[in-house]
Structures are given as structure tokens and as C-alpha cells.
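Worksheet: one structure, shown below.
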Amino acid sequence: MKTLIKTSVKLLVRTKLIWLFIVLMPILSTIILKSNTEYTAYLDDVERIVELEDVDKKVAYNAEKGDYVVKIYDASGSELSEYLLDRLANSGMFILCRADLSKETVTDEFMKKHIDFDGHEDRMGSALYIPADFDEKIMDGKLSEALTMYVLSDDERTEAFENELTLQLSRMEAMRSYAGETDELLDGLKKADDLSPEKEVVSVSAGKGRTLTAEQTNQKAQMGYAFSFLTLGFVFAGFFIANGTIKEQKNGVFTRINLSKTSVLTYFTSKFVSAFLVSLAMTAVVGVCSLMLDMKDLGMNRATFLVLIFMMGLIFSSLSMFVAIMLNDVFSASIASFTLWCMSSLFSGLYFPLDDTSNGIKVLSSLMPQKWFLDGTEMIFVGDNNAFNMLLCITIAYLAVIISLGSIGLKVRRSEEWGVS
């Protein structure tokens, strides 16, 4: 066993390309973890007022979870119109996408053109046009002329938006009689808001759900992208181990090992130990790179982080090695390794959440190791002490399957090569 391990490690050390993955992937993952990017795809509470860069920008992409989207054509840009939009947004039922038209000359033809475009080329519940003289219309009591609403879908939530809009306009109308100017009207509305009961939003997790803060959500997304880069390194580390094994099989070394009464399980276990050592080496590089990180930004201490990386790396280096050995061809093995990385990262939810996908996709996601390590990361964030027990069981389960199937696969391949049924 020791001789087999030493031989495998020597071959790996002499392979220059493996060092590119062992060193480069941890560096790239560290860059990701060091960034302060906000990842909105994972956020449960989305931004309720979205400022559009220009009036022609589509708003459909802001309805990520089926929210009711309203496009606002705001030609007023006044404090009163801003107050109205804030109140509509704070209801929590709508996403308002505002296009600033305060510096534009808005005509009937202009609005007709854009509403026609919104109805055919974009997707939203309704649109709202706030004219430049919005304040004057409100102060004169001309509520019907103060703004124009365009219904652009048959969504039943349109009625809720109309009711909320009517409520806010009626509040302005009631307060207008006590105010002589717009500033007084605005002050009166804000004072009335201060007297209203404060709204408290309580997030309730159903079943085994976990509720993360905005900071933890960003940390989870960063960890997912870091896992993706690190997985690539571990996958190809396993490929290079398998590459040596494939050469041994083609050069008859494996046959001579069998003739020396060394069992297939012993031979495959030696390769697994090599994968263990390579995973350990790459984890050590990650540890060195992590010295550049503030571990508070990761939501866990350095030891916990490195243990996560090592367990996930051991699974993927072993799995990649197993798949490549079964294919017994370097070119096919390299394609398989890259495919393994791509598909596992995609279906595990490293790049984007899969909570709203079909049950079939969710079942497929459950087969991906990264999914469990991402869940373990969440558990660590919320202080769940069962995180390590879960991840340890997952790691042992994957490794047991890989080693067992690897040994059986090598026996079957040897039987085929020798013509034994």
C-alpha cells in the first residue's frame, strides 16, 4: 500500500499542470470572498422602488418571484409625488419601476407610444403617469387629472393597486383642506404617518426553513461562487490522479500489480489516499489565502471554513478520479471531469437559488454534494449545531459509494480485458 501511494504521489508532483489548479483556484475563490458585491438573486425582500436608467428600459426582469410590477412615468419629480410612491411601495404588495421624465417634454403621442410598447414588448401589471403639474392638481382638488393609470394585464392584483392608490389620494384630499401650500400638505401627511401604528415585518420560516439576514445572504452567495472555483480545482486534481491510473492500466502496470496478489480494493484505496493528500494540499493553500480575509465577513471561523472545503474537496477529487478511471481514456475523462463540474455547480444552486424550480430539479439538486455544503453553510450562519454532523454523514456516504463502485468497476474492467465472464 505504501509503495503504491508513494508512486502515485511522485507522479502527481511531477505533473506541472496540477499545480495550476491547486494554487490558482484558491486564489480566485479568495478574490470572490474578498469582494463586497451584493447578490440580489438570493434576497427575500426585494427593492420596492427601482430607478430605471431610461424610459425605454424593460421592467419585466424585476418580477423575479411573480411580484406585481408597476411602471411609473414620473414627470413631476416633486416631494409630493415621491411621498405617494413611497406609500405605495411600503404597502409591500407592489414593485414600482420609476422612469424620471422631469426633464422630458411629455406629450400625448409620447405616452401613447410608450404605453403601446409596454403592452406588447414588456410585462407588467399596470403603468402610472404622474404629470409635471401633479402638485397643482392635488392642491386644486382635481384628483381625476392628477395622474393617469394604464391597466396592462388581467392580473387580479390590479384592483388592489387601484384601491391603494385611491386610499393615498383620498388622504391627500382630506389633508388638503387644512393646508395652504404643498409643503404644509406634505408635513401634515407625514405627521399623520407618525401617529399611525408602526408596521413590523416578521419573517416566519416553515418547517426546516432558515431565514438569513441581508448580510448572510450575500455571504452565502459569495460562498457559492467560491465553492464553484474550488470544485473545479478538486475535480481536475482527481482527473490527474486518474490520468496516472489510466496510464498504468494501458502499460500493464495494473496487471502486474494484480499478479503480485494485491487486491483491486487495495489498489483503488491507494488512489483514494492520493486524492486525500491532494485535497489536503489544496485545502492548505486555501488556508494560506484565507489569511487575506476577514473571517467575520465569511460568517464563520477559519477552522470551520477549511473543514468545509476539505470535506467537499475530498468528495469531488475522489468522484472525478472514479469517473475518469471507469472511462479509461484521457480525452473522455477530461470532458467528463469538466461536465461533472459544470452540471454539479449548476444544479446545486451555487449560481442562483433553485427554491422555485420544479420538483424534478430539486431532486436532482439533492444529488449534488455542493448543495449539502451550501445548506451546511446556512446552518452555520444561523448557529445550528447539527451542521457538522450532517456534513460528516454526507461526506462518509459519498466516499463509501465512490470507493465501493470504484472497486467493483475496476474488477469488471479487468474481467472484460481478460475475457472472463
Looking at the stretch 298-307, can you tell me whether even one residue there is at positive phi, under 20 Å from the mean Cα position of the chain (by Cα) and either of a type outside the set (A, V, I, L, M) or crowded, with 22+ Cβ neighbours inside 10 Å (or both)? yes
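Rundown of residues vs (1) open to solvent by less than 70 Å² (accessible area, probe 1.4 Å); (2) assigned to a loop (DSSP other than H, G, I, E, B); (3) modelled with pLDDT of 90 or more, yes/no style:
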position: E104; (1), (2), (3): no, yes, no
position: D116; (1), (2), (3): no, no, yes
position: Y129; (1), (2), (3): yes, no, yes
position: E145; (1), (2), (3): no, no, no
Note on G406: of the conditions (1) within 25 Å of S270 (Cβ to Cβ); (2) at pLDDT 85 or above; (3) crowded, with 16+ Cβ neighbours inside 10 Å, unmet is (2)
Just to be sure before I move on: is S78 surrounded by fewer than 17 Cβ atoms within 10 Å (Cβ to Cβ) and polar (S, T, N, Q) in the structure I sent? no
Please tell me if M124 is among the aliphatic types (A, V, I, L, M), modelled with pLDDT of 85 or more, buried (at least 20 other Cβ atoms within 10 Å of the Cβ) and not in a helix (DSSP H, G or I). yes
Note: among M1, M25, just one is at pLDDT 75 or above and out of contact with any strand residue (DSSP E or B) (no Cβ under 9 Å at 6 or more places or on another chain), namely M25
Out of all the residues in the stretch 160-178, is one or more surrounded by fewer than 16 Cβ atoms within 10 Å (Cβ to Cβ), more than 34 Å from the chain's Cα centre (by Cα), more than 21 Å from S91 (Cα to Cα) and not polar (S, T, N, Q)? yes
Scanning the stretch 104-161 for residues that are in contact (Cβ under 8 Å) with a residue 24 or more places away in the chain and of a type in the set (K, R) gives R123, R157
Do you know which residues across the stretch 339-374 are in a helix (DSSP H, G or I) and among the small types (G, A, S)? S344, S345, G360, S365, S366
Scanning the stretch 81-102 for residues that are open to solvent by less than 10 Å² (accessible area, probe 1.4 Å) and in a helix (DSSP H, G or I) gives S81, L84, L85, L88, A89
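Select, from V55, V70, V106, the only residue that is in contact with a strand residue (DSSP E or B) (Cβ under 7 Å, 6 or more places away or on another chain) and farther than 26 Å from K190 by Cβ. It would help to see each step written out before you state the result.
Details: V70 fails: farther than 26 Å from K190 by Cβ; V106 fails: in contact with a strand residue (DSSP E or B) (Cβ under 7 Å, 6 or more places away or on another chain).
Selected residue: V55, the only one of V55, V70, V106 that is in contact with a strand residue (DSSP E or B) (Cβ under 7 Å, 6 or more places away or on another chain) and farther than 26 Å from K190 by Cβ.
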May I ask you to list pairs of residues, at least six apart or on different chains, whose Cβ atoms are under 9 Å apart, with the first in the stretch 324-346 being more than 17 Å from A275 (Cα to Cα) and the second being in a loop (DSSP other than H, G, I, E, B) and open to solvent by less than 60 Å² (accessible area, probe 1.4 Å)? M343/M368; S344/L350; S344/M368; S345/M368; L346/M368
Taking only the stretch 330-385 into account, find how many residues are open to solvent by less than 40 Å² (accessible area, probe 1.4 Å) and farther than 21 Å from L232 by Cβ. 4
Going through the stretch 320-329 in order, the residues found to be assigned to a helix (DSSP H, G or I) and open to solvent by 40 Å² or more (accessible area, probe 1.4 Å) are V323, M326, L327
Right, I138: modelled with pLDDT of 90 or more, under 25 Å from S177 (Cα atoms), β-branched (V, I, T) and more than 32 Å from the chain's Cα centre (by Cα) or not? no
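The values are calculated or read from the model by the stated rules, or taken from the named source; none is laboratory data. Keep in mind it's a predicted model, so treat the numbers as computed, not measured. Positions of Cβ are generated from backbone atoms using ideal geometry, with glycine treated the same way; all protein chains shown enter the neighbour counts. For accessibility, only protein heavy atoms count, side chains too; no ligands or nucleic acids. Shrake-Rupley method; radii C 1.70, N 1.55, O 1.52, S 1.80 Å.
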